[in-house]
Amino acid sequence: QVQLVESGGGLVQAGGSLRLSCAASGSRFSISAKGWYRQAPGKPRELVADYDVSGTTNYPDSVKGRFTISNDNAKNTVYLQMNNLKPEDTAVYYCRWRRTDGFVYWGRGTQVTVSS
């Protein structure tokens with residue numbers, strides 16, 4: 001059984017920073033991509049940052065230049081550094097890992113709230 005556990009969320013003022021972590025426990029498996037998504041109330045879940053095994057990263061324009069995804073294979077953990085946070089970044093943040101066979105794991109999410 002594999003579990004993804006996010007941590008690092010919380011309440012921060014606009015302009016502040018947070019660093020989210022997503023650690024995998026259980027069996028090791030081959031990964032093709034790791035990413036972060038978020039979902040605000042009443043809105044669909046959206047991609048925030050994506051990292052594939054070639055090292056290619058992908059960010060939507062809404063977070064480009066403010067968010068950075070990084071990976072530590074030794075710790076089986078992926079991070080999301082979020083700087084210059086805005087109230088519109090308020091959401092539940094989920095990590096998502098995709099195996100090489102296409103199977104996807106999701107974490108349970110961590111709340112990020114940015115006050116104005």
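The values are calculated or read from the model by the stated rules, or taken from the named source; none is laboratory data. If you're wondering where the values come from, they're calculated on a predicted model, not measured in any experiment. Virtual Cβ from ideal backbone geometry, glycine too; neighbours counted across all protein chains shown. What goes into the accessible areas is simple: the full protein's heavy atoms, side chains included, and nothing from ligands, DNA or RNA. Shrake-Rupley method; radii C 1.70, N 1.55, O 1.52, S 1.80 Å.
Relative to the present Cα-Cα distance, how much length would full extension add between Arg45 and Arg99 at 0.36 nm per residue of separation?
Values: separation 54, 0.36 × 54 = 19.44 nm, distance 2.01 nm.
Stretched out fully, the Arg45 to Arg99 stretch lengthens by 17.4 nm.
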Rounded to the nearest 10 Å², the 1.4 Å probe accessible area of Thr56 is 80 Å²
Mean Cα-pair separation over length for region 1-92, i.e. relative contact order, pairs under 8 Å, 6 or more apart, %: 32 percent
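Computed FRET efficiency, Cβ-Cβ of Arg28 and Gln111, R0 41 Å: what is it to the nearest 0.05?
On the way: r = 29 Å, r/R0 = 0.70.
Efficiency, rounded to the nearest 0.05: 0.90.
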For Thr57 paired with Lys86, estimate the spin-label separation in nm (one decimal), with each label point 7 Å from Cα along the Cα-to-Cβ line. 1.9 nm
